[in-house]
Structure formats: structure tokens, C-alpha cells
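Here's the structure we're looking at; comments come further down.
The values are calculated or read from the model by the stated rules, or taken from the named source; none is laboratory data. As the structure is a computational prediction, the values presented were derived from the model and not from experiment. Please note: Cβ atoms are built from the backbone with ideal geometry, for glycine as well, and neighbour counts cover all protein chains shown.
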Amino acid sequence: MKKHIGRNIIIILILLYLPCFQACKKGEPADNPEKQLRDMVELAIGGDAEANKKLNNLIDLKLPGSSQYDNFIIESFKLKSGKRFYYLVLNYRNPVYNRFAIYDSAMTNYLIDKSLNGHISVEVQDIEKSKFIRVVESFLSKDVLDVKRLSLYKADDKSASLIFRNLISLSTTDYTVSQDIIRQTADSVYTHLSIPMRFGLSDTADVFVYDSIAKKFISQHNTVDSIIRTELQAFKRDSLILPLITDKESADKFTFSK
């Protein structure tokens with residue numbers, strides 16, 4: 001009788017710990033913040049108001065719901081202090097739904113950016129003991145103009161914030177104007193400019209200096225961004241196939257027409 005009782009206890013213990021053994025075997029810890037965050041985001045995308053509230057209203061539930069995203073990425077990075085953050089990217093055909101956000105392992109939200117267009121790529125960089133997240137948007141404007149915009153976010157133990165945003169490339173059938181970051185410090189961003197002769201400018205460099213009051217990098221010239229904005233505004237096209245999203249009203253019109 002005692003043998004049977006002992007055998008039953010052993011079987012029960014094995015069954016209780018089997019999930020943990022399987023997780024360890026696969027190299028997946030039982031407590032996986034990345035999976036928890038992904039599951040919570042999926043619930044929010046599906047319209048779960050409680051999950052969305054926990055994510056600091058990542059999803060705009062007032063808009064027609066859409067779970068058909070083109071891309072959903074979650075990656076982690078560690079600060080010098082050892083604290084781990086998770087950034088997520090939700091990429092949709094309709095940019096109204098696009099999201100870039102940063103959370104910690106407890107799903108505390110540090111940043112949500114709802115203003116990104118097109119295809120979004122992300123790179124985390126260590127610069128002078130600080131953590132910078134580089135986000136590049138690639139999108140079409142007025143059907144035929146290839147545009148890229150660069151955003152830099154800085155993260156520390158207590159916050160994450162947008163500190164640089166600039167249009168960095170415009171390509172047409174006739175020309176390309178662009179700027180590339182060639183060096184970055186905690187206080188300055190140095191860019192190399194490629195500007196066609198048609199613009200009558202000899203500038204080959206620009207410098208963005210960190211303004212502690214504005215809390216962002218600022219250039220006195222901002223040459224390439226200014227050129228691109230002027231060109232986009234001046235470009236005329238008789239008919240547009242792709243929706244032109246320039247403000248909240250046009251974004252809502254595109255969204256609710258689907």
C-alpha cells in the first residue's frame with residue numbers, strides 16, 4: 001500500500017513540474033516578459049479594452065479594428081544599469097495603425113509613437129554610455145516620391161523620448177537628395193549631405209546640436225529636411241491612386257472608407 005502511495009506522489013510531482021521541464025528544455029523561461037507583452041498586444045489589437053489599458057492605450061479602439069498587420073516585431077535591449085527594455089513595432093498598410101512603443105519587463109510603458117509612416121526599421125545603438133534607438137520610415141508620397149524619415153529616441157532607466165526627427169532622403173525619377181549620419185555623440189549629430197546641383201547649394205555637411213531646453217537635436221540650417229519639405233509641397237500630380245494622408249482628417253477618411 002505504501003509503495004503505491006509513494007509511486008502516486010512521484011507521478012503527481014512529475015506532472016506538476018513537467019511544463020517547467022519542457023520550457024527549460026526548449027530554452028524558454030517560464031516567466032517570459034517578451035511573450036507576455038506579445039500576447040497582451042495581440043489581445044489589444046483584437047479589441048480587448050482591459051489589455052489595451054494595461055499597455056497605456058497602445059491601440060486606438062475608436063478606429064475600426066484591424067488585426068491584419070504587415071509586421072509585428074518585439075525586441076529587447078539592456079541599459080547600462082542592467083534594466084531590460086522591450087521595443088515593439090506594428091506596421092500596417094494603413095499608417096494610421098502604425099505603432100512604435102517601449103516597455104519594460106513589467107509592461108510599464110515609456111513611450112508610444114503613433115505618427116510613423118510606411119515601412120519601419122529599427123536599430124539600437126550604444127553611444128557614449130547612452131542608449132539610442134534609430135527608427136527609419138520608408139514611404140511613398142504622392143504615389144511616386146520615395147521618402148525616408150529618421151527618428152532618434154533616447155532611453156534611460158526612467159524615461160524614453162524622441163530627441164531627433166528629420167527627413168533624410170527624397171528620390172524622384174530625376175534626382176535624389178539625402179543626408180546620412182556620419183558621426184554621433186551624446187551632444188551632436190553630424191550628417192553628410194548629397195544635394196544635386198539643380199538646388200544651387202554647395203552644402204556638404206550639417207550639424208545638429210542637443211538643446212537641453214527643447215530636449216532635442218537642432219540644426220541652424222536643417223538643409224535637407226527643408227529642401228524635401230519644399231519639394232513635396234511643390235510637386236503636382238493630376239491624379240493620385242494611393243491615399244494622400246497629410247493630417248488627422250485625411251487619415252480618418254482613409255481609415256473609415258475601408
Review point. What is the residue count in the range 181-208 for residues that are surrounded by 15 or more Cβ atoms within 10 Å (Cβ to Cβ), among the aliphatic types (A, V, I, L, M) and either within 22 Å of the chain's Cα centre (by Cα) or outside any loop (DSSP other than H, G, I, E, B) (or both)?
Key: 3
Check your understanding: Taking the range 209-233 as the region of interest, how many residues are in contact (Cβ under 8 Å) with a residue 12 or more places away in the chain, among the hydrophobic types (A, V, I, L, M, F, W, C) and not in a strand (DSSP E or B)?
Key -> 4
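Per-residue answers, yes or no, for (1) modelled with pLDDT of 95 or more; (2) of a type in the set (Phe, Trp, Tyr); (3) farther than 30 Å from Lys236 by Cα:
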{"position": "Ser115", "(1), (2), (3)": "no, no, no"}
{"position": "Phe132", "(1), (2), (3)": "yes, yes, yes"}
{"position": "Leu145", "(1), (2), (3)": "no, no, no"}
{"position": "Ala160", "(1), (2), (3)": "yes, no, yes"}
{"position": "Thr173", "(1), (2), (3)": "no, no, no"}
{"position": "Val177", "(1), (2), (3)": "yes, no, no"}
{"position": "Val189", "(1), (2), (3)": "yes, no, yes"}
Point to revise | Any hit, the range 149-172, residues being part of a strand (DSSP E or B), surrounded by fewer than 19 Cβ atoms within 10 Å (Cβ to Cβ), more than 15 Å from the chain's Cα centre (by Cα) and of a type outside the set (S, T, N, Q) | key: no
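Being over 16 Å from Val136 (Cβ atoms) and in a loop (DSSP other than H, G, I, E, B): is that true of Leu63 here?
Considered against the rule, which asks whether it is over 16 Å from Val136 (Cβ atoms) and in a loop (DSSP other than H, G, I, E, B), Leu63 comes out as yes.
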Exercise for review: Looking only at the range 45-70, count how many residues are modelled with pLDDT of 95 or more, surrounded by fewer than 13 Cβ atoms within 10 Å (Cβ to Cβ) and under 22 Å from Ser115 (Cβ atoms).
Suggested key: 1
Exercise for review: Given the conditions (1) touching a helix residue (DSSP H, G or I) at 6+ places or on another chain (Cβ under 9 Å); (2) surrounded by fewer than 18 Cβ atoms within 10 Å (Cβ to Cβ), report the number of the one that Pro95 does not fulfil.
Suggested key: (2)
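Yes/no per residue for (1) in contact with a strand residue (DSSP E or B) (Cβ under 7 Å, 6 or more places away or on another chain); (2) free of Cβ contacts under 8 Å to residues at least 24 places away in the same chain:
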position	(1), (2)
Asn32	no, yes
Asn52	no, yes
Leu58	yes, no
Gln68	no, no
Phe77	yes, no
Gly82	no, yes
Val89	yes, no
Review point. Of all strands (runs of 3 or more DSSP E) completely enclosed by the range 90-143, which ones contain at least 3 residues that are among the hydroxyl-bearing types (Ser, Thr, Tyr)?
Key: 130-141
